Amino acid sequence: MVRLNRIYTRTGDDGTTGLGDGTRLPKHHLRIAAYGTVDELSSVLGLLCAHGIDEPAHGLVVSIQNDLFDVGADLCIPRPEAGDAEGTLRVTADYVTRLEAELDRVNEGLEPLASFVLPGGTPQAAWLHLARTVCRRAERLVAELASLDGEPVNDEVLRYLNRLSDLLFVLARDANHQGKLDVLWRPGASRAT
């Protein structure tokens, strides 16, 4: 259980921040940017909920926000070569399996696409598309972090973010009245003939 008695600590006044294992990194470090972007994604989903989204999507989004805190916790404790300490929170394959089941469930009610979809339609769909793009940015940052020597990343985190961006896309289509209000891309529509 987390307990915060005081919000400010002054320890970051030097431009560093503490990881979950006690090490300190510059606030501009790629690891901090990665889990900071995951936090940003959760905030976008919070705005979606505040502006209203119907069940069962609302409950799903809140559970995703909880997962995203788990993702952030995973990223803020680099996996040591010797293995994790007991009780270290790690994203597992079960997280990805749950997203895939939701993806299949939501996508089943949607017509196949014949074009790319522009972000928009209903306000809920627009928020979901914004969340999708923030999720893709988080995924890119985590992938870059994982490519660096000495920066271990749990592979399931990358899988989770990849699958989540797909789920946010189909949720956006679903929020557009099962895709009926999707705004479709018309290649070259503004080009002079």
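Has segment 39-61 got at least one residue that is modelled with pLDDT of 75 or more, of a type in the set (A, V, I, L, M, F, W, C) and under 23 Å from residue 152 (Cα atoms)?
Keep residues of segment 39-61 that are modelled with pLDDT of 75 or more, which gives 39-61.
If we keep only those that are of a type in the set (A, V, I, L, M, F, W, C) as well, we get 41, 44-45, 47-50, 53, 57, 60-61.
Subset that is under 23 Å from residue 152 (Cα atoms): 41.
Yes, segment 39-61 contains a residue that is modelled with pLDDT of 75 or more, of a type in the set (A, V, I, L, M, F, W, C) and under 23 Å from residue 152 (Cα atoms).
If you take the residues in segment 136-155 that are in contact with a Ser or Thr (Cβ under 7 Å, 6 or more places away or on another chain) and under 14 Å from residue 31 (Cβ atoms), which one is surrounded by the most Cβ atoms within 10 Å (Cβ to Cβ)?
In the first step, residues of segment 136-155 are kept if they are in contact with a Ser or Thr (Cβ under 7 Å, 6 or more places away or on another chain); the result is 136-139, 141.
With the extra rule that they be under 14 Å from residue 31 (Cβ atoms), the set shrinks to 138, 141.
Working: 138: 28, 141: 21.
Here the answer is 138.
Collect the residues in segment 61-80 that are of a type in the set (A, V, I, L, M) and surrounded by fewer than 18 Cβ atoms within 10 Å (Cβ to Cβ), keeping them in residue-number order. Before you say what the answer is, go through the steps one by one.
Going through segment 61-80, the residues of a type in the set (A, V, I, L, M) turn out to be 61-62, 64, 68, 71, 73, 75, 77.
62, 73, listed by residue number.
Does residue 17 satisfy being at pLDDT below 85, under 21 Å from residue 142 (Cβ atoms) and among the hydroxyl-bearing types (Ser, Thr, Tyr)? Steps first, answer last, please.
Details: at pLDDT below 85: yes; under 21 Å from residue 142 (Cβ atoms): yes; among the hydroxyl-bearing types (Ser, Thr, Tyr): yes.
Criteria met by residue 17.
Can you tell me how many residues within segment 139-193 are closer than 19 Å to residue 106 by Cβ and aromatic (Phe, Trp, Tyr)?
Qualifying residue count, segment 139-193: 2.
Working only within segment 41-53, note down all residues that are surrounded by 16 or more Cβ atoms within 10 Å (Cβ to Cβ) and not hydrophobic (A, V, I, L, M, F, W, C).
42
I need every pair where a residue in segment 11-40 that is aromatic (Phe, Trp, Tyr) has its Cβ under 8 Å from the Cβ of a residue that is in a loop (DSSP other than H, G, I, E, B), sequence separation at least 6 or different chains.
35/76
Taking the condition of being within 22 Å of residue 35 (Cα to Cα) and surrounded by 15 or more Cβ atoms within 10 Å (Cβ to Cβ), how many residues in segment 91-106 meet it?
Taking segment 91-106 as the starting set, the residues that turn out to be within 22 Å of residue 35 (Cα to Cα) are 91-99.
Of the ones still in play, those that are also surrounded by 15 or more Cβ atoms within 10 Å (Cβ to Cβ) are 91, 95-96, 98-99.
Total satisfying the criteria: 5.
If I go through segment 107-135 residue by residue, how many of them are surrounded by fewer than 20 Cβ atoms within 10 Å (Cβ to Cβ) and either of a type in the set (D, E, K, R) or at positive phi (or both)?
Qualifying residue count, segment 107-135: 3.
The values are calculated or read from the model by the stated rules, or taken from the named source; none is laboratory data. Not measured: the values here are computed from a predicted model. Cβ coordinates were reconstructed from backbone atoms using ideal geometry, including for glycine residues, and neighbour counts include every protein chain displayed.
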